[in-house]
Each structure stands twice: as structure tokens, then as C-alpha cells.
1. Restricted to segment B:169-197, and to residues that are buried (at least 24 other Cβ atoms within 10 Å of the Cβ) and among the hydrophobic types (A, V, I, L, M, F, W, C), which residue is farthest from the other protein chains (Cβ to nearest Cβ)?
2. Looking at B:P169, B:P136, which one is out of contact with any Gly (no Cβ under 8 Å at 6 or more places or on another chain) and over 20 Å from B:M94 (Cα atoms)?
3. Being more than 12 Å from chain C (Cβ to nearest Cβ), closer than 30 Å to C:G220 by Cα and touching a Leu at 6+ places or on another chain (Cβ under 9 Å), is that true of even one residue in segment B:90-102?
4. Exactly one condition in (1) over 24 Å from C:Y332 (Cα atoms); (2) in contact with a helix residue (DSSP H, G or I) (Cβ under 7 Å, 6 or more places away or on another chain); (3) part of a helix (DSSP H, G or I) is not met by A:A165; state its number.
5. So, in segment B:442-475, how many residues would count as being assigned to a helix (DSSP H, G or I) and either at pLDDT below 85 or not hydrophobic (A, V, I, L, M, F, W, C) (or both)?
6. Say we look at segment A:135-150 and pick out the residues that are of a type in the set (G, A, S) and touching a Phe, Trp or Tyr at 6+ places or on another chain (Cβ under 9 Å); which of these is farthest from A:T304 (Cα to Cα)?
7. In this structure, is B:V426 farther than 14 Å from B:P340 by Cβ, β-branched (V, I, T) and modelled with pLDDT of 90 or more?
8. For the condition in contact with a Phe, Trp or Tyr (Cβ under 8 Å, 6 or more places away or on another chain), among the aliphatic types (A, V, I, L, M) and either within 14 Å of chain C (Cβ to nearest Cβ) or outside any helix (DSSP H, G or I) (or both), what is the one hit in A:V213, A:V239?
Amino acid sequence: MSDSAPDGDRTESLLARVVAPFVDRSVAERLVISVAAILLSIVVGFALVLVSGRIAQCSTAAWTMPLTGIGFCYDPIEVYVVLFNGALGYPFAVGDPGLFNPAWTPFNLSFGLTLSETTLLIFTGLSVAVAFRAGLFNIGTQGQLVVGALSTALSVLALAPLLPAGPVAGAVLIVVGTAAGAVGGGLWGAIPGALKAYADANEVITTIMLNFVAANVAYVLVLEVFRAEGSSVVATRYVPEYAQFPSVLFPPSTDFALLALAGGIAFIGALYYFVEHTSLGYDLRTSGVQAAAAEYGGVNAKLTTVRAMTLSGALGGIGGAVWVLMSEGRWMASIPDLGFDGITVSILAGNNPIGVLPAAFLFGVLKGGALEIGFRTDVPTELVAVLRGLIILFVAMPEFFRMIGRYTGVGGTAGGPGGAASAESDASAGGDGGEADA
Amino acid sequence: MNPAVHLDGITKRFPGVVANDDVDLAVERGSVHALLGENGAGKTTLMNVLYGLYRPTEGTVRLDGEPRSFDSPRDAIDAGVGMIHQHFMLVDPMTVWENVVLGNEPTTWGGLRVDREAAREAVVELSERYGFDVDPDATIADISVGEQQRVEILKALYRGAEVLIMDEPTAVLTPQEVEELYGVFEELTEQGKTIIFISHKLGEALSAADDITVLRDGVNVGTVAAADVTREELAELMVGREVLMDPATSPRETGERVLEVTDLCVEDDRGVEAVSDLSFELRGGEILGIAGVDGNGQSQLAEAITGLRETASGEIRYRGESMVGQTRRDRIDRGMAFIPEDRQERGLVMSYDLTENGVLGSQHDPPFARGGRLDWGAAQDHAESVIEQYDVRPPDADAEAESLSGGNQQKFIVGREFERDPELVVAAHPTRGVDIGSTEFLHDRLLELRAEGKAVLLVSSKLDEVQGLSDRLAVIHEGEFTGVVDPATVTEEEIGLLMAGESLDDDSVERAAIHDAGGAPDEVDGGAADDEGVDA
Amino acid sequence: MPPPAATGVKPMRNPLSPASLLEGASESGYVRSLIAGTVGMLALLGVSGLAFPDSVAGDLAGIVFSTSTATSTARLAAPIVLAGLGGIFAEKSGVINIGLEGLLIISAFVSVYAASVVGVGNAVLGVPALAIAFLAGIAASTFLSAVFAVVCIEFKADQIIAGLAVWLIALGLAPFLSTVFFGGVNTPNLGVSVGWQYSATMVVFATAGSWWLLNKTAFGKHLRAAGENPKALDTVGVSVSQVRYAGVLLSGVLSGVGGSALALSIGQFVGSGETMVQGKGFIAIVAYLFGNYNPLGTLGAGALFAGLDAIQIRLQQLGYAIPDTLVQTIPYVVVIVVLTLVGRTQIPEAAGEHYETEE
């Protein structure tokens, strides 16, 4: 279609380039695999709930298996109904006549909590994704988030008394606080980047270690220096109300701000543009897919490594800033596993910034739903952490799904060309003494 | 008497490709048989069938008249067929004896301990019987390529091989090591072993083999006794038409000094000196060829010049400017083009389409980049123009690089690099693995570039290529130039000696003057028009 | 908590000084300098401790050479060294097992669970409860490593991502099951614990056995070939997959011993936060990298890291008012420093790559 294109064709092919990532066979296949991985982990989780429900102690069975009459303490169907329906604030009327709950509005508490998680996961997911695109495995988003959150809290607390209280000061504080989070997280992310670039220290290990270090050091700092007076937990003082993202439409107790979500979506767009349409983005992803070729193309590998890790850390740090300025209102020691969830989000999204949005939403649902599970069922909420691990495991094994696809004949289109391509390369490899000669 | 190996009507199809088409091959016990053909003629596929790696689509494999069916190399090994691959199947950090017995280790203590003594003894015994000189306790990484090849042969013999298949056995050897290998052939066949070797070199087949089978496009086009055939006849069988050996070079005028390398030392990845005190210079309108057996520092030299490897010491001046400490980016910006030897590792990003690959190296420069933003429209135009001018097929800028054949990948790289309008082109093995048609095309382009007054540094292990294209020919051995000669007058034997690290005799001293130290420029290479060619 | 603060931290970095001497050293020289450096530092500390008994060095020397430090080192070293040995087998075979942490977590929990089900003091078929606990822990860890092996070898998963998944699954599953069975992420204490002598004995035997297996047996040679040049192994008719399965399963078995030993030495599983394993699986990876894939070196490095941990525990007990969390950070920082100094190790050529036999 593209040979010696007249100009009209050109816009068409430009359009094709923009859409390409979404219609590309590999992207479509990835999408199918991600969905299949989620379904499969739900099935495994189902079995897990069933089995542990058989072992756990309870007076009356929550669920009785049809036909067999065996009773289980946990009802796996209920778990998932509560998980997904609850995360959205029960829009579906289960058991009652009629599919939808007429009293439902999107601006309910549960959905707000879900969106709040989604917003945070957008940032941590982008953080992991951008490092991944550069061929770096940043497990340290958690630590970068902790450091970023602390920088945000401290800078806002330090600056607030200097400004007259009010919406203007609030806007200034939010901007400054977010920037401080980005700087803190970015610097913390730059450490493993520099160690990788200049000392060849494996970033997987160093970032995991730095997570421990960040958590411990931040804990001690707050405990010894910045702890709020009279607080029973290790936490800083609250930042002023006006310096937090305002909750619009949603109840304030949801700790969710549409503004922050909009900011997250803007970051998704910006990052997508950066990766696909800028020279630096080209450098970054080229070093990710084929480092030797990037080097050949004049990309400074070490600098790119440091840059990517800094950017990744900064995004994690912004996640921390949003956590402070939207969710918690202060820094406190028990920071949720947002960074680790970011890994799952990114892997699920195929490390594509655009894919981070649905992946983060799905995880927001899981996290929001976990709270509901805690309220309404006896099943331990750690179930969601297990699902997280399972999803990563299943997404990591595309070959498994391709095999299933081949056996069942489903997804033949996805499997087909792939199969043909590999056969071709076999043939060319076999087709002679090939690449070498005298 | 039945032949030791008899392949009867072998056909092997891959989806969309017929690699072997009804091939017959009979090899007598105790003989050396060459399987000759161009790249892609189906030689390796045929041998993989014999070795059990592929099952033939049709046809029968017979050993000593017995029909055999191999499901895996294991079956072939058990039946006495051994294969020595072109890329040796050796474990580098392990010793010679460990490699020889790998998978068949003699053990004691009920299998709890490898019987090192017994293993070593077996290796020493075999090695003595066939006159190999190999230290059983040496580590593979530390021994020469020739020795490694003998370890591979020992591996096959240890497993009871009666038939030895060797894939391009001379590709990585110096001419002297090749002679030694022929000696090994004799030793083996005297003791009743049968050897089949794959080659695409006429001379080698003629001098080492008893019989020669020529494959073309997967078909056996003839089996002849080496004693009854001439070089020309063989060449015609192989290619299917008369072959023109020499590309036409025309007289030239050299321009200004483009590249000047002085006392350059470069280390390889392990920190071992790969290039030692090299000095030479290169002018516009000139092609300097660098010949040598692979792995003698050519790669490191090319990488150092093009900024992909740090120099240990010495000076590289490009158009009068020192390049030491300058980045790869700096060199690209100053018009240095590089056709890398590993095109699938470096030259192209395999998962990118040609539009994206077309900007590799220029991703920060106009017209592709404006204010940090990439203009994909301009990139696509560029890719399409390269595709058209350099006849890249399929002509589709949206095709991913990995979907192209090796020759077309190479044409795209060459096109992209030449379109930079470079002052210097460093071309490393530009035609490796490329079909004949594309090779001629690429050679013509290099000569055109030279005619335009550009400087070309051509690294190649193909003697005919460097000899045919170069104005001056430097031979590299263990990181040093053993001689800089006039390609028009030097003989293949002389180059062979230089490649093996020998210097030439008195008559040629002038040519090899480079080797005799001294700071001042020597008059090197009287034949070539230029004079201050090289200094040491 | 009185204040002598960070000065107490300083001498602990010193045991690492040999690392700077390591660059370019041969394998045996590497391990030798590791051992010599550690011994040297201990000697220096001992001497300065004797010379200035009232200084921080004096206290430190007292700690380092006290029996309680030695015993807790043995206890803490078990999971690190055993998982590290397991990691060697997996990585030598060409499969990087970054999920060691998960294997430790799952075996730690399952061993405690099994002991509580059987009931401490009881026995099944004459096998005492604690032995059953060990076996159960090993079985759980081996099972999880088998899942990992199938995913990596059969389904060609990215080894790093799959290893990470193993960790995260265990990190979720152990507290989940603990809550199901015991009503909380921490199990109740069994009331008995396995003595440090047992941990030490297991570590010594496992190290010696691993060394023999890797260096003297045909399996060891196949393992090495599978990681360095799988094709060479394949072409002589040894199944690369089988060798890799064996390597990964061994990492499961050894980590299982380590995780069980960790939990049973306390008699409880702690599942809050990062669980009681607290990164020991990752430290194990650094231990074998630092030990250059040599079981003896891994033992040395593991003992070093465990020793640091033991010292910080003692320091707290002695009342140095460095906040305990900060002291706990020391091993992690040390790991980073070690990794930085060691840099690229001689990782097996084909580690991390999927291998497929031809046709």
C-alpha cells in the first residue's frame, strides 16, 4: 500500500502508523493473552477459595456444591460478585428482579475508592512501563513512591505556612508538592540507573534492595524527626485541606479527585507521545528492544539507562505525591503495595502507555473490590495479592496460550502467521551453510 | 561393496521452500567427499537429514547398504555418524577432555563421580592414534580454532563415528591450519573413516576431496572425481553460468587524507589486546582492504574507528580531527558511515519496520527530527527512496526488518548509510551471506562511492572481494598488519602467508615494510599509486 | 535508647573491602580473597576490641565473637545459603531463578502449618512432627519451583518476570492461607524451635553436597554445559530440558530446606509486610553472585550477610539507640555495595535464554 505513495496516500499511512500499535497482530495477540491471563487467574483463584473454604472452620456452609452436597465455608461465586460488583458500587442487582440497581449512581463511595486506586496505579504502571521500554526492569517503583511521597509531604508542610491559606496557595502547593515528589522519586530512581550504567549492577536486585532501604529510612526519618505530635502511628502531620486534590462529584470520603485522574490520563498521553513520536523516545525504546543497534545508532546507552530510570522514578514519585495529596493527606508508614501492583499493571498493558489505562482500572477494581470482600465475606483480602501474582505468571507465558489456541483452533489468526514465520526462519536456517563463508 | 553412505532420492520441503529435491549421494568408505555449492544450495539441509536433525520428506538414508531412519542426532551418533558443525559445539569454560566425553562420561562410585583418569586416558589414546596434538587438560577458551576443531573431531571419534560430516571446516582456519586439516583427513581415511565436507570453495574441494558432488538450488547437478575435473568446469556446474571473477576497477586519483590511525591499541570484551599498535591512513577516492582470518582484530578495529569501542591507546584522526574520546554520535554527525558485520544485531532493529530503521543513526537530525519531535512522514519518504534506489524487496516501508532476507536487509543498511553522503565508509563484511546478484550490486556501489572521492575501509574475509575491490590491501594477524600489499600483484599464497602471521621473503620485504617498526613513514607498496600509505 | 548513633555502623562496611581486590581475580583466587578478607577483618576487629575494650570497637568485638551472635548467624544464614545454593543449580543450568524469595516464603509457612496440624510432640508413622514440617516445607517449595520450571522451560516465559510472579504469588498466598487457617497473617507460635545446630549442620552438608554435585559428577558437567552452550549438550544427546528441570527443582528443594529452617528455628511464621523472609531470597542471589557460583563462596557470603544481621540484632539488645529499622537496613545497603563492586559476574553464557531443540 505504501509503495511510491502519492500524497493522498501519505496521510492515510500516517494514520495507519498511529493506529498500528492497536491493530498490529502482536498487539492484538497481546490483548487476547492479557484477557486470557486474567480469566485464568480468576479460575485458579476460584479453586483456591473453594479449597481453602473446605479447610477453614465455620459453623454453617456459605456455599454448597451442586450435586455433591459438599459444603464450603467460602462462596467463590459470591467472592467474585462482591469483588467486581462491589468495586463499582453495586450497579448490578444480584438476586433481585431487574439487572440494574436503580438507586446506583457512579458517584458512590466504592466506585470512588476504585477510581482512586486506578489513579495511583496509572502512575506506578507508567513508571514500570517506561523503564521496561528501555529494557530495564524497575522493581523499585515502590521505593521511589515512598521517597516521592515523603518529599511531597515534607515540602508541602514546609511551604504551607509561608503562603496565605486559600485556593491559590492550594494550587501552588499541589504543583510544588507534585514536583517535589517527582524530584524525590526521580533521584531515588537515578541511583539504580547509575549503578547499572556505570557499575553494571543488576537493576532487579538493586531496586528490590532500595525498596527496603527507602521504606526503612523514610520510616526512621518520620519516626525520629517529622512525626506528628500525639500521633499513634508513624506519620507526618496532615497537609492543609486546601493543598489536597479536591473531591468533585464523589463523596469526600472516597479520597478520589477527578482532577488527579485527569492528570494521570494526561500523563498517559504525554508518555505515549514521548515514546512513539520523539527522538529521545526513539532512543529509549531502541535501547530497550535491541541495545546493540541503539548503540550503533549513536544512542548513549549509559545515559539512556540513567535517564529512563530517572523518568521512571519520577513517575513513581508523582504516584507518591498523588497518594499524599489525594488519598492520605499525609505521609504514613503503612504505604500500600502500589509499586508492586504497578509491575502487574505494566506487564498486563504490554508496557504500552495506552494499555496502562485499562490495566490500571482493572487493578483498581481488584483493589476496590478487595475492600468489599473484607467487609462482606470471610475470605481473606490477601486473595487479591495472590491474583496479582497469578496474573503476572500467566501473562509471562504467552506460549501457553498459543498452544491452547493451536489445540482448540481458537485464535488461529493469532497463531497462524506466527507459526508460519517461525517455519520460514527454520527453512532459511536449514536452507544452507548460510550466513558464513570464507 | 555398498557405499558407506548412500542418500537415495532425498527431498526435503519446508513450508514454501524445497531445500533438497530428489538428491542422490553415494560416498565410498575411506574416501573424502566434498559437497559443493553456493549459499542456499541446500548442502547443510542435506547433511542435517543424514545427521538426523531433519526427517526427509521423501527418500532413504542407507549406511553400508542398510536403510536407516533417524529421529534425532542421537540415533545418527549411535549409527556411527558424527557431525562437526561450523560453529563448534564446545563448552568454552570446560576442558578438552570434559568436552570430548560430555554426555558419555565414564563414571565410578556407582555414577557418583566422573572417572577423570579414564576419560583423560581415552582422549589421549584417541588423540595419539590419529596424530592429534591436543592437551586434554587445556580449557577450550584458551586453545586455537584449529585445535578446537580437532577436539570436535575427537568428540565424534569418541562416540564411535565411522562417517564424519564437516560443515565448512575451513571457514575459520588460516591457510596453514587448512593444510593441517587435510593431513587429518588423510590420517582418518587411512584408518577407514569416511569424510563428507561441505564447502563453497572450489580450490578446497579440488585439493582435499576424492569425489565432489555439486548442489545447485537443492538439486544434485553432478558428482565428479576430483582428479577428472577443472576449476572452470566446477565453477560452471556450481553457478550455472560462466563466472566473472574480477570486478572492474578503474584508475583513480586520491584526494585528501580522510582517516589517519596511529599506534592504535584496542581491547576486546575480555580485556585482551585485539588490535596492537596499528597505524595506517586512508585518503578520499581510495579503498583500503583489510584481509585476515576472522577474529584477528578486524571487528575491534572497525568498532574503534566508528566509535563503538573505546580505544586503549593511540590516535584516530578523521578529517584532521582527533576522534579519541568522541562518541559514536559525534562520528555520525561528521559523516562517518558504518556497515556493521552483524546486521541483525547492530545494523537493523529487527522488530522495527523499514521506516523506523531508516532513521537509525539520524533520529536526532533534520529532516527527521525537528525540535525533538520525529517526523514520521519524512522518515517514510526516506525509507521509500532507499528501498527504490537500492532495490530492496519487498518494496514496503512498513515491512518489519526481520521479514526481509539477509541480502535485502544488507541492501537497506547500505542504502541508508550511503544516503548519509558520508566522507568515510567503514564496511565490515558487506556481502557476507548475501546472494551473488546482490553482492555484485553492492560491489558496484562501493566502487561508485570511491569514484566520487569518498574513502572506504573494507574489512572482509573473502579474499577475492578484498583483492578485487581494494587499491591497497592490508593483511591483519593477531591485531597487527603483517603486510600492506598491492592487490593487483600479490599472489594468494603470499596473502595466505601473511594471514598466518608470517612475513614475506626478501623479494617482498618492501611490501611488508610496515612490519619493521620505525616511526617515519616508510615507502610502502610501490605498486599502488599512493605512497604515504602506511607507517608503523 | 541512648544515642551513640551511626558510628556503630561504620566498621561493618569493612568486611567488604576484599571486594575491591576481586576484579580480575581468577575463580579460586576470588573465593580465597573473599575468605581471607573476611578473616582479616574479623582479626582486625578482634585486636582493636582487645586494645580498646570500652570503645564501640570493643562492644562490637564482644558482639561479633559472642556465642549468641554465632548461633543467630547460623540460624539466619540457613535460608540465605541454602537458597543461594539452590540458585546456583538453577542459574548454572541456564534458568535464572529470581523467585527464591517466594520459595522461602511458601516453605516457611507450610512447614509451620504442617507442624501445627501434626501437633508438636506427636509423630506420624514414627516420623516426628518437626521432620514432617521440614518435608512439607520442602514439598511446597519444590512444587512451586516445578510450576516455575514448567512455565519457563515448556512455555518459554521470561524468566525474570516468571520469577517475580513466583515471589508475588507466595507473598500473597502465605498470608492468605495463614488467615484462612489461623485467622491472621501471623501464625501462632508453635512453642518449640529447631536448634541452631541443626541449621548449621544442614548448611554444611548442603554446601559440601552441592560442591560435589557441581564439580565431580556427570550431572554437574551437564548442568554447566546446559547453561554455557546448551546446543553442545543437545548435540551429544543429553536433553537440555531435563537438565534444566533438575536444576530448577533442586533450587526448590534447597530453598525449601532453607525456608523451613528459618520458620522452625523461631517456631512461627510471620506474614505481615514482606513476611519474615524479608528479602533473604534476594540476598541469597547476591550471595551466590558474590561467591561466584561456588558453593563455598556462597557459604562465605551468606555467612557474612547473616552475620551482619545477627550483629544488628545484638546491637539493639545492647541498647545502642540507633533506631532498629535503620540497623536492619544495613544488610540491604551492603548488598547494593557488594553488587556495585562485583559488577558483572561470570554469568553462564546462555542463562536467561530459552533453548529449543531443532525440529
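1. The initial filter retains those residues of segment B:169-197 that are buried (at least 24 other Cβ atoms within 10 Å of the Cβ), namely B:169, B:193-197.
When the remaining residues are screened for being among the hydrophobic types (A, V, I, L, M, F, W, C), the result is B:195-197.
Working: B:I195: 16, B:I196: 13, B:F197: 11 Å.
By that ranking, first place goes to B:I195.
2. Details: B:P136 fails: over 20 Å from B:M94 (Cα atoms).
Result: B:P169 is the single residue among B:P169, B:P136 that is out of contact with any Gly (no Cβ under 8 Å at 6 or more places or on another chain) and over 20 Å from B:M94 (Cα atoms).
3. Scanning segment B:90-102, I find at least one residue that is more than 12 Å from chain C (Cβ to nearest Cβ), closer than 30 Å to C:G220 by Cα and touching a Leu at 6+ places or on another chain (Cβ under 9 Å), so the answer is yes.
4. Looking at each condition in turn, A:A165 falls short on (3).
5. 10
6. Restricting to residues being of a type in the set (G, A, S) and touching a Phe, Trp or Tyr at 6+ places or on another chain (Cβ under 9 Å), the top hit is A:A149.
7. Values: farther than 14 Å from B:P340 by Cβ: no; β-branched (V, I, T): yes; modelled with pLDDT of 90 or more: yes.
In short, no.
8. A:V213
The values are calculated or read from the model by the stated rules, or taken from the named source; none is laboratory data. Note that the coordinates shown come from a computational prediction; the quantities given were computed from them, not determined experimentally. So basically every Cβ, Gly included, is an ideal-geometry build from the backbone, and we count neighbours across all protein chains shown.
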